[in-house]
Amino acid sequence: MENIAVFDQNNKNVKLLNDLFEGFQQTLVLDKDSSIHIDDKHDSVYKVEEGFVKIVRYTFSGKRCVLGIHYSGSILCEFSLSNSNCCYYLETDTKTKLKRVSTERFIETLDSSELRHAYIRYMATLISEKNDKITSFITSSSEERLLFFLLKIAEKYGEFSEQQLTIRTKLLIQDLSDYVGTTRSRIGFFIKKLSNSGLLKHRSDGSISIKLPELYEYLKVNENIYPDFFEKVRHESIEI
């Protein structure tokens, strides 16, 4: 299958940074239901080689918030470069392989203007995505946030084969709830409602199929934003 990022204009930058990690040898394997605690003293940059990780933060009262889900090829570097006092966790529900390198060595390896520009553009994209999430909390309903999140996961990590985009990872209701910022029962209600309307197909293994044209119509998405993609998938579906 071909890995493609349908809307992602940052594809070249990600490839350059992924190639950079080929020279790093240290690997870390996370078993199912394990995690890495990242605080202000953490000094590592990671690349997801296999599996996936969730970036999680907990409030002072213990409430869990999923900031993002990252699959194979993702580079996690903002923690050790921000000098922030915030604490994060990298969590996974499946066996996951990471490549790890010290922050100092990672920066030293950015020894060409092309790599430095790729890294800056990659970080700018991460900031833009976080701004999108903040905007969605202000302007969108929890149902819309759920649907836009599913689209974002599909467009960034979809595999294109036989007129389908597929993400082969089980999406837990709890994780969707902690990302969207609503209860598990509300997520279940939205998925059932959208499944009954034909927009989604939720399988027993946790995967979800999305019918894009119907979904765009439901969300009132302007197809002029992504005309080439909209035309390509007018009669296709995305599987997550």
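Need at least 3 residues that are assigned by TED's automatic domain parsing to the domain that holds ARG57, over 21 Å from the mean Cα position of the chain (by Cα) and at pLDDT below 80 per element, so show me which helices (runs of 4 or more DSSP H) inside the range 130-240 make the cut, counting only ones lying wholly within it.
none
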Residue by residue through the range 29-56, note down the ones that are closer than 11 Å to TYR88 by Cα and in contact with a Lys or Arg (Cβ under 8 Å, 6 or more places away or on another chain).
VAL56
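Which members of the range 86-105 meet the condition of being of a type outside the set (D, E, K, R) and assigned to a loop (DSSP other than H, G, I, E, B)?
Passing the criteria: CYS86, CYS87, THR92, THR94.
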If you go through CYS65, CYS77, the only one that is surrounded by fewer than 17 Cβ atoms within 10 Å (Cβ to Cβ), among the hydrophobic types (A, V, I, L, M, F, W, C) and touching a helix residue (DSSP H, G or I) at 6+ places or on another chain (Cβ under 8 Å) is CYS65
How about the range 110-150: which of its residues are within 24 Å of TYR46 (Cα to Cα), among the small types (Gly, Ala, Ser) and without any contact (Cβ under 8 Å) to a residue 12 or more places away in the chain?
SER112, SER113, ALA124, SER128
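The values are calculated or read from the model by the stated rules, or taken from the named source; none is laboratory data. Note that the coordinates shown come from a computational prediction; the quantities given were computed from them, not determined experimentally. Cβ atoms come from the backbone with ideal geometry, glycine included; neighbour counts cover every protein chain shown.
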